[in-house]
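Okay, so here's the structure we're looking at.
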Amino acid sequence: MEEEKKHIDELIATYLTEGLDKNALAELKAWIAASPENKNYFIQQREVWFSAVSREAASKYNKDKAFDTFKKRIGNRKEIEKTSHHGFRLSMLWRYAAIIAVILAVGCFSYWQGGVNVKDTFADISVEAPLGSRTKLYLPDGTLVWLNAGSRMTYSQGFGVDNRMIELEGEGYFEVRRNEKLPFFVKTKDLQLQVLGTKFNFRDYPEDHEVVVSLLEGKVELNNLLKKEKEAILAPDERAILNKTNGRMTVETVTASNASQWTDGYLFFDEELLPDIVKELERSYNVTIRIANDSLNTFRFYGNFVRREQSIQEVLDALASTEKIQYKIEERNITIY
């Protein structure tokens, strides 16, 4: 039994560090699929491997050194398990918090060496940013992602093997690591975006009236899923706005960097519709806002605010100074009229 476990440890270690040949990979996949316990054990070993690699060291990654660290940590963990009946239950951490921690630990290092593929044995990963907060993380391919308040991003644990597909609900800012052979996709219910490597902001909350994509660097291709057709290719400092009601998309020239100011704690409204501004304020300040008059739904506003320093009342005062609206605050409930 001990010899078999040692053999499996060697297979996992080789898989993570340099990849397995066809026969050895088939053996490992068969072992993983044999039982839930085997699957969980593989995940645990992989997390030990992740902990041996930091994002800061990724650019000067030393495989042999990381492999040695990995083996030492396996040994240390087994010693701990001998003195504890509880052991290490990653499944609980996975359910509640480890997803984000793992992503941060992996950083720029792509652990899917040599095109090895066992992604079909695991569930998708979902990362969320709660209301009133933002989340920053790195994907396994080194792509930087910021998620705005009330947003969710989902992708396969096999991300980076034969696809780089992200499903987004809400708003995300992406700095995509370039890969000529593996395009990067972001998909929502309304729009799909394809890039090789670039910087862009993508906003598509289900309750918003418009989808907005702003390109800072590179080039992106947009597919309008409402009309099921390729719609536009954006150049830097261009913004695409998709109207969810009629499915029409317009492209305009803007200062695209304004769209990502929320990653630094700013609220920036660039001629946005009042209903979309209201939803953004609700997510940012965790309040409830009601627009009392439908006639206000077509109003657009421009403004720049520091969320860390300015209260919701100060933001509303600035919008009201245009003399287009008034507001009333009752605790955490706000009415605009």
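Across region 274-299, which residue is modelled with the highest pLDDT among those that are surrounded by 16 or more Cβ atoms within 10 Å (Cβ to Cβ) and touching an Asp or Glu at 6+ places or on another chain (Cβ under 7 Å)?
By that ranking, first place goes to Ile289.
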* Residues of region 194-228 being out of contact with any strand residue (DSSP E or B) (no Cβ under 7 Å at 6 or more places or on another chain), within 17 Å of Met249 (Cβ to Cβ) and either at pLDDT 90 or above or acidic (Asp, Glu) (or both), which ones? -> Asp208
* To do: Report, by residue number, each residue of region 232-256 that is over 11 Å from Ser214 (Cα atoms), touching a residue at least 24 places away in the same chain (Cβ under 8 Å) and in contact with a Leu (Cβ under 8 Å, 6 or more places away or on another chain).
  => Leu242, Lys244, Met249
* Residue check, Pro275 against (1) in a strand (DSSP E or B); (2) in contact (Cβ under 8 Å) with a residue 40 or more places away in the chain, all met but one. Which one? -> (1)
* Asked: If only one of Tyr285, Tyr327, Tyr302 is hydroxyl-bearing (Ser, Thr, Tyr) and under 26 Å from the mean Cα position of the chain (by Cα), which one is it?
  -> Tyr285
* If you take the residues of region 199-212 that are touching a Leu at 6+ places or on another chain (Cβ under 7 Å) and of a type outside the set (Lys, Arg), which of them is farthest from Arg164 (Cα to Cα)? -> His209
* Asked: Does Phe159 qualify as being closer than 30 Å to Phe42 by Cβ, open to solvent by 40 Å² or more (accessible area, probe 1.4 Å), of a type in the set (Phe, Trp, Tyr) and in contact (Cβ under 8 Å) with a residue 12 or more places away in the chain?
  -> no
* To do: Filter the strands (runs of 3 or more DSSP E) completely within region 180-223 down to those with at least 1 residues that are of a type in the set (Phe, Trp, Tyr).
  => 184-187, 199-204
* In this structure, is Asn258 open to solvent by 50 Å² or more (accessible area, probe 1.4 Å) and either of a type outside the set (Gly, Ala, Ser) or over 28 Å from the mean Cα position of the chain (by Cα) (or both)? -> no
* Check on Gly303, touching a strand residue (DSSP E or B) at 6+ places or on another chain (Cβ under 8 Å), assigned to a loop (DSSP other than H, G, I, E, B) and at pLDDT below 90 -> no
* Asked: Could you list, in sequence order, the residues of region 234-270 that are at pLDDT 90 or above and in a strand (DSSP E or B)?
  -> Leu234, Glu238, Arg239, Ala240, Ile241, Leu242, Asn243, Met249, Thr250, Val251, Glu252, Thr253
* Asked: Do you know which residues across region 126-156 are open to solvent by 30 Å² or more (accessible area, probe 1.4 Å), on the phi < 0 side of the Ramachandran plot and of a type outside the set (Ser, Thr, Tyr)?
  -> Glu128, Pro130, Leu131, Arg134, Lys136, Trp146, Arg152
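The values are calculated or read from the model by the stated rules, or taken from the named source; none is laboratory data. As the structure is a computational prediction, the values presented were derived from the model and not from experiment. With ideal geometry, Cβ positions are generated from the backbone for all residues, glycine too; neighbour counts draw on all protein chains shown. The area values use the complete protein model at the heavy-atom level, side chains included, leaving out ligands, DNA and RNA. Shrake-Rupley method; radii C 1.70, N 1.55, O 1.52, S 1.80 Å.
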